[in-house]
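These notes are about the structure you will find just below.
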Amino acid sequence: MPRFDSLVIGGGLVGSAVAYGLARRGLKVALLDEGDVAYRASRGNFGLVWVQSKGIGVPEYQRWTRQSSTLWDDFAIELKNETGVDVAHEHRGGVHICISEEDFAARRRQMEQLHLESGETRFEYEMLDHAQLKKLMPEIGPEVAGASYTPYDGAANPLYLLRSLHSAFLKRGGQYFPNSRVGALKAAPHDFTVTAGGAKFNAPKLVLAAGLGNKTLGALVGLNVPVEPVKGQIFVTERVKPILSMLTIWVRQMAEGGLLIGESREEVGFNDATTPDVQQFLAARAIKMFPFLRDVRIVRHWGALRVMAPDGLPIYEQSGHFPGAFVATCHSGVTLAAAHALRYAKFVADGALPPELARFSNKRFDVQNAA
Ligand SMILES: Cc1cc2nc3c(=O)[nH]c(=O)nc-3n(C[C@H](O)[C@H](O)[C@H](O)COP(=O)(O)OP(=O)(O)OC[C@H]3O[C@@H](n4cnc5c(N)ncnc54)[C@H](O)[C@@H]3O)c2cc1C
């Protein structure tokens, strides 16, 4: 039976970022992935490295996200140097557009709260009214009330990111096993044997990064991982000349010229089908923001399932029953890719999660804690 220093289950953005981070530290790592039959958020997302709005009431989440966004600058360069793949990372700040005055007022309150809660890390933002925003983005529609702006936001191409994480992982000696659904798992402290794709793999460390699959796998190593699917629908338009001067949360133009328009939030279980009603809603909202979109053709529409904890925060934990088994799951796998590769992987390699991640422990779901 092949022995590794660590097994990582799940080859999406979270698993491949952690696996790359471990291999980068010299560990011998096997990355096992179920394949195309699984739900895979990493192949259907919007690609934002988004900081504003993260962690309202939870400053630890704001700090972790900010940290990742900062790490992303060098991380994108590192991936390019390692693999030759340019992940189209941009970090020039972003705006959250508010269509109504009511949205604008609510947004101002949220940003004030983030600022107050940020302590010495200082969360800086600006509220831009219609006229101020129009100077930055002449393409906005007359109904737009304004926007919040922060310099922290960015974006990347999530498919190039996934490709480059896999490629960097392999270059560092990692071994990737596609079509390897982990069903059976034998656990003892610092000793894990999994059966996948007809083979057995053993290691003293195990990282569960199987997205929605973590709920079932977690139970096998004594970890409660209560993630549920939340559907998001997105569509992409034909390529047009560069037109959007800023990055926004619901409409963004990719380097190739196509515009991504998103995204819904639907709690409909394991159903990733597209629906015309949501398409109409998204299109109508996008046209209110940017009337020029009325004349741009949609070329593709898809749905994908977010991996969502009940409170929307990541879950990072090491099993108490089976030390050496970790879980990493979140609903912002693009944004947090740099933190997962450069920080979370280090914690796993060192064998302990630090106090800065304590807020993301699954202990928050314990009944006693909730009471
Ligand atoms: C519509 C939408 C828009 C989004 N927009 C953004 C955004 O703009 N920015 C951002 O940061 N994030 C965004 N996200 C979230 C982001 O896509 C996810 O956080 C991220 O993809 C989660 O990655 P993951 O690796 O945890 O899960 P997944 O991508 O779901 O991957 C899990 C992997 O585990 C494998 N697996 C499952 N079970 C098993 C098993 N038993 N054995 C072996 N392998 C298994 C599957 O094959 C799969 O490849 C968005 C998500 C959606 C749906």
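Only the coordinates and a few stated rules stand behind these numbers; no lab work does. Predicted model, so just to flag it, every value in this text is computed and none were measured. When we count neighbours, we look across all protein chains shown, and the Cβ atoms used for this are built from the backbone with ideal geometry, even at glycine.
Computed quantities for the displayed model
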quantity: Cut-off 18 Å (backbone N to label point 7 Å along Cα→Cβ of Asn224), residues of the stretch 345-361; calculated: 358-361
quantity: Cross-link table Lys171/Lys205; Lys134/Lys288; Lys80/Lys241; Lys186/Lys215; Lys171/Lys215, entries beyond 24 Å C-alpha to C-alpha; calculated: Lys80/Lys241; Lys171/Lys215
quantity: Residue (of Gln110, Phe123, Cys98) at the positive-pole extreme of the stretch 82-135, dipole from beta-carbon charges; calculated: Cys98
quantity: Farthest positive-ward along the chain dipole, Cα basis, beta-carbon charges - from Tyr61, Ala219, Phe4; calculated: Phe4
quantity: Size of charge dipole - the stretch 256-358 - debye, nearest 20, with Cβ of Lys, Arg +1 and Asp, Glu -1, no other charges; calculated: 360 debye
quantity: Selection from Gln279, Trp302, Ser245, by position along the positive dipole direction of the stretch 162-312 (Cβ); calculated: Ser245
quantity: Most fluctuating residue given options Ser53, Ser69, Ser16, as computed from a GNM of the chain linking Cα atoms under 10 Å; calculated: Ser53
quantity: Beta bridges per DSSP with both ends in the chain, % antiparallel, nearest 5; calculated: 70 percent
quantity: In nm, spacing of pseudo-spin labels at Ala349 and Gln175 (7 Å Cα→C-beta vector); calculated: 2.0 nm
quantity: Equivalent ellipsoid semi-axes - Cα gyration tensor, the chain, angstrom; calculated: 36, 22, 19
quantity: Separation of alpha-carbon centers, the stretch 302-319 and the stretch 25-81, rounded to whole Å; calculated: 12 Å
quantity: Euclidean distance between Cα centres, the stretch 91-148 to the stretch 341-358, Å; calculated: 33 Å
